Every structure is written in structure tokens, then in C-alpha cells.
1. Pull out the extension gain between Asp233 and Asp177, defined as 0.36 nm times the separation in residues minus the alpha carbon to alpha carbon distance; nm, one decimal.
2. Find the accessible area per residue for the range 35-154; the probe is 1.4 Å, ligands and nucleic acids are left out, and the unit is Å².
3. With a 1.4 Å probe and all protein chains left in place, how much accessible area per residue does the range 190-317 have, in Å²?
4. When the Karplus curve 6.51 cos²θ - 1.76 cosθ + 1.60 is applied with θ = phi - 60°, which whole-Hz ³J(HN,Hα) does each residue of the range 285-293 get, with x for Gly and Pro?
5. Does the range 203-264 come out rounded, prolate or oblate by the C-alpha gyration tensor, with a ≥ b ≥ c the root eigenvalues, rounded set by a/c under 1.5 and, if not, prolate when a/b is larger than b/c and oblate if not?
6. Given a Förster distance of 45 Å, report the FRET efficiency between Glu50 and Glu218 from their Cβ-Cβ distance, rounded to the nearest 0.05.
7. Taking the Cβ of Glu270 as the centre, find all other residues whose Cβ is under 12 Å away and add up their charges (Lys, Arg: +1; Asp, Glu: -1).
8. Shape of the chain from its Cα gyration tensor (a ≥ b ≥ c, root eigenvalues): rounded if a/c is under 1.5, otherwise prolate when a/b > b/c, or oblate?
Amino acid sequence: MTKESDLSPPPRQAYSGSLIERAADKRNDEAALVGLAQSNRAGFYIIGGESIVLKRDGATLQPLFSPAEARACGGARETVFLGILDAAPLFGAGLDADAIAPLKRRDDLKLVDLRSIAVQGVVAAEHIPPLAEAKAILGWHARHRFCPNCGAPTKPAQGGWRRDCPACKAEHFPRTDPVVIMLAIAGERCVLGRSPRFPPTMWSCLAGFAEPGESIEEAVRREVREEVGIACDRVKYFASQPWPFPSSLMIGCHAQALTDKIVIDRNEIEDARWFDRAELQLMLAQKHPQGLSTPPPIAIAHHIIRDFVENGPRVLE
Ligand SMILES: [Zn+2]
């Protein structure tokens, strides 16, 4: 049962596959970074909270601003050096809510959230990963203004890749929060669940944060057991995806289910049930008789499910 599905070639998942050279060696050279930010090749992604600022360019939307255009959007609270792409230094500029508000009234700009940008493809695909990078790190700055060690205000350092505490001298680094997202499989069937936040027809992989002191495999087994009462044995890593809402790394896995009975934790999910491969294939192809669907291809869940549809229980080998 290999590749008998009539699914088209898989589209790219969003946020990963960055073409940027992060050039971390330049982060500790403050004078060089100032020069790069002022060069006429420099490009700025401008972000305020969940809003990505785009400029109208005829019928299209462009996410990169020149240094002068960026200044005209107001002073950034933080500027982060993202890296270099085709000899152009790229930066993320983070605006406060009160700086973002007047931009909403400008006819030459449009503010769009990053999920919509990815789903609707409103900017060129090469911009999605650096936008994810910029959103995650600028969001970290916005939430880490004070030292978790002593409570004093902290200051950005290293091109925006560290915050230093002048009081206790602690150095704080950007966080990425690991989330396991998995498909529990028994033969030709697997378990999907529904969050109350989902559109009414959508079913997806189970997911949850890995906890301190846990391996990825242990987190997968615990989350499946907690959410649907199924015991799992073998866990096989599939792929990962940055998920900048606000700063997660989705770690995709397949897991071998040992038990059959589903016991739903209603605090976590709304519903869960077994699906067989044939039904999943209809869902991926958007041909399910009841209109049931999977997450869109921008999300790793789509690809985890698709791998099982195409390769069956061999995904656990
Ligand atoms: Zn401190």
C-alpha cells in the first residue's frame, strides 16, 4: 500500500527552511551591526505583538522595509540582527502597541498576523522563516524586560540574542519551548483529536509541552496517555517545525499504540477517536463525505498524518 494515494506532492510546511545565514560571529561587534543596519542593502521586518507590518506594492504585499522606511514606521523598542541573505543584512524591529496603532491607519501599509500570512501566502515563501525568527525573538524580548533572577530591568546585548542584567550580571538567552506533536498508530489506524479551538470539521495530532526532566519519547507517551488514555511503546521521530506562537518548537513523532480504549481528558481536548488510513486519505484530499479535514500543509501535523497515509505502519520502523 505504497503511494497509491492520489495526493499531490507535499507543499512546504511553513516557518522552517530559512535561507538566512545567521552570522552569529557578528553579534558581538556592536559597531559593525550599527553599520550593517544603516547600509542601503539592509532590510527590516517590522513586528508589533501578533501584527506583521507589510507595505503595499501595487497589488502585492512586501514584508521588507529599507532603513528609511523602517524609521518612518516609528522607533523600534528592540532591533534584532537576524542574519544575512544574498549579502543583505536583515533585522527584525519590534514596535510597542502604541507605535503600531497609527500604522493601522496608513493606506500604504497593511497589518497581518503571521498565521494568515503563511496560510494565505500573501508574501513570497522565502520571507516566512525569517518572519518566524523575528517574531519569536522579538516576542521573547517583549516578555523578558526584567531579570528573572533579581527583578531589575534587563538590556539587550549580542545583536538582540541575549539580555543582560546590569544589577546581578546574569545573562539571559532566548527561549524555545519544546512541544511534542504525535500520531499514535495501531496497524492501519491512528488516533486524532479535536481541540475546542479548531474549526468544527478539523481533526489533528495530539500535542503538548515537553516538561522539565522528560525526554521527547517520555513526553510523547505521557501526553497520549493523559489526553486519550492510550499506552504507547515505540516512538519514532519524524520532523520538527518552529512555531512562533509565541516561541515553540514542534517535535513531530509517530508512536506505537499498545491499547485500544480511548478515555478523553475533556480539559485538554473536545473529542478523539480512531481513524483508518483510507478515511485519512479522503480527509487529506478534501474528499471526506462528512467534510472532515486535517490541518493545512503549513502545519507539521498535516505532514505527520500524510506520512502515515502514504507509508502506513512502516513509519514506526
Ligand atoms: Zn538580575
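The values are calculated or read from the model by the stated rules, or taken from the named source; none is laboratory data. Just so it is clear, the structure is predicted and the values come from calculations on it, not from any experiment. Here the Cβ is made from the backbone with ideal geometry for all residues, glycine too, and neighbour counts use every protein chain on show. These area figures cover heavy atoms from the full protein model, side chains too; ligands, DNA and RNA do not enter into them. Shrake-Rupley method; radii C 1.70, N 1.55, O 1.52, S 1.80 Å.
1. 17.7 nm
2. Details: 5440 Å² over 120 residues.
Dividing the accessible area of the range 35-154 by its residue count gives 45 Å².
3. 45 Å²
4. In residue order, the calculated couplings are 7, 6, 10, 5, x, 9, x, 5, 9 Hz.
5. The shape class here is prolate.
6. That gives a FRET efficiency of 0.90.
7. 0
8. In terms of gyration-tensor shape, prolate.
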